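Structure, as structure tokens:
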Amino acid sequence: MNIIVTGGAGFIGSNFIFHLLRKYPDYRIICLDKLTYAGNLSTLKSVMNNAHFRFVKADICDRKAVETLFEEEKPDIVVNFAAESHVDRSIETPEIFLQTNIIGTAVLMDTCRKYGIQRYHQVSTDEVYGDLPLDRPDLFFTETTPLHTSSPYSSSKAGADLLVLAYYRTYGLPVTISRCSNNYGPYHFPEKLIPLMIANALNDKPLPVYGEGINVRDWLYVEDHCKAIDLIIHNGKVGEIYNVGGHNEMRNIDIVKLICRKLGKSESLITFVKDRKGHDMRYAIDPTKIHQELGWLPETKFEDGIQKTIRWYLENRKWWEDIISGEYRNYYEKMYSNR
Ligand code: NAD
Ligand code: DAU
């Protein structure tokens, strides 16, 4: 089996590559990644010399480069993780989100049609459903919840999902889509809540909580997401959408306080800052379909996952210190000073 994993130098894509190489030693895995600010070759260091792995630096919007790769590798499956993924950046600069997340998806699927493919899998997000009110804990996102996006990021992901379903219906392209809740774990870029709070706490820097910190996210350990995608590409039904989430809802402020406790840092580092524009209140996935049809269940409890994650950031300081000492500093200044 030849599998192209796009965006494999990022957080979830890299964890997915490690998962595939561990579980299917006979597969050939090709990572296609543009290496944007969020892509990091040092993340893939441990697999670069693996004979079953190849890294190719390219943009998913670059039709010629994508076609050349398909000619060379004749992939059986494409799993598309490549995306601009940060909501705050999408509020500052929407255009690149439309370019990569929508046009890039179209280029990949056109190429799949041209060369033939067993499966095109689109890694989507629960953010396409918009948000749920805090006072209705009985409500959850199912696969039939209407799309109702809030940010340029989520709108671009929803646009891509609609295009994927259109390619299935119009051209019969064998597609599947997964819509997962918030992931956490190793190699998570330090602009996102959990790694940002760990890095800042370790450096005794303020912990910037948006608004009152009462927004709720449904956290899933990244390996559980990878296992769900593995099941979907092997056993999932073509044309179907699968929601992925582990019923682990937590308020932002409680996560930040937990990180302070685990690192022995004072909660006085917590600073409430101006809220995110259009900030979604609550995400909550109903994973009944993937459980009943594919037997998926999350395996890592949050208490264990957050412990493992914090340990990883303590043991891999160089990985995130290199990031926060580079170009990221300008981003941080722009987004957080005078907020
Ligand atoms: P990330 O930002 O950590 O990584 C994105 C990767 O895509 C980077 O390696 C980057 O270099 C690459 N990339 C960006 N633009 C590209 C382009 N034009 N061509 C080729 N490569 C490009 O993102 P992530 O958090 O790992 O998310 C991966 C996917 O999962 C995204 O599609 C995201 O929407 C989705 N998702 C993320 C979460 C989450 O909690 N992080 C949850 C659900 C779904
Ligand atoms: O739900 C899945 C989505 O989860 C993915 O599709 C996105 O790619 C991923 O980035 C993530 O989006 P969020 O916006 O939920 O994640 P983020 O880590 O940016 O923020 C989580 C919550 O924490 C959110 O309510 C905003 C808040 N927050 C975030 C940052 C960066 C803060 O309070 N302070 C911060 O500094």
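A short reminder: the numbers here are calculations on the coordinates, not readings from a lab. Note that the coordinates shown come from a computational prediction; the quantities given were computed from them, not determined experimentally. Here Cβ is always computed from backbone atoms with ideal geometry, including for glycine, and neighbour counts include all displayed protein chains.
Given 0.36 nm per residue, what is the gain on full extension from Asp275 to Asn338 after removing their alpha carbon distance, in nm?
So the extension gain works out to 21.4 nm.
Rounded, prolate or oblate: pick one for the stretch 1-121, where a ≥ b ≥ c are the square roots of the eigenvalues of its C-alpha gyration tensor, a/c under 1.5 means rounded, and failing that, prolate if a/b is larger than b/c, else oblate.
oblate
Which of the residue pairs Lys274/Lys334; Lys192/Lys277; Lys262/Lys308; Lys205/Lys334; Lys64/Lys237 have a Cα-Cα distance greater than 21 Å in the structure shown?
Where the Cα-Cα span goes over 21 Å, the pairs concerned are Lys64/Lys237.
Amide H of Phe189 versus every other amide H placed in the peptide plane: which residues, excluding those fewer than 5 positions away on the same chain, fall under 5 Å?
Distant-sequence amide H within range of Phe189: Phe11.
Any chance you could check the Cα centroid distance between the stretch 289-339 and the stretch 230-259 for me, in angstrom?
Result: 15 Å between the Cα centres.
Order the peptides 312-325, 181-194 from the highest to the lowest mean number of other Cβ atoms within 10 Å of their residues.
Ranked by mean Cβ neighbours within 10 Å, highest first: 181-194, 312-325.
Picking from Gly211, Val273, Trp319, whose Cα lies most toward the positive end of the charge dipole for the chain (charges on Cβ: Lys, Arg +1; Asp, Glu -1)?
After comparing all options, I get Trp319.
Once the Cβ-Cβ distance between Asn2 and Lys45 is put in as r, and R0 is 22 Å, what FRET efficiency do you end up with, to the nearest 0.05?
Once rounded, the FRET efficiency stands at 0.45.
Report the FRET efficiency, 1/(1 + (r/R0)^6), for Thr93 and Glu240, where r is their Cβ-Cβ distance and R0 is 41 Å, rounded to 0.05.
0.80
Percent relative contact order of the stretch 6-162, based on C-alpha pairs within less than 8 angstrom and at least six residues apart?
22 percent
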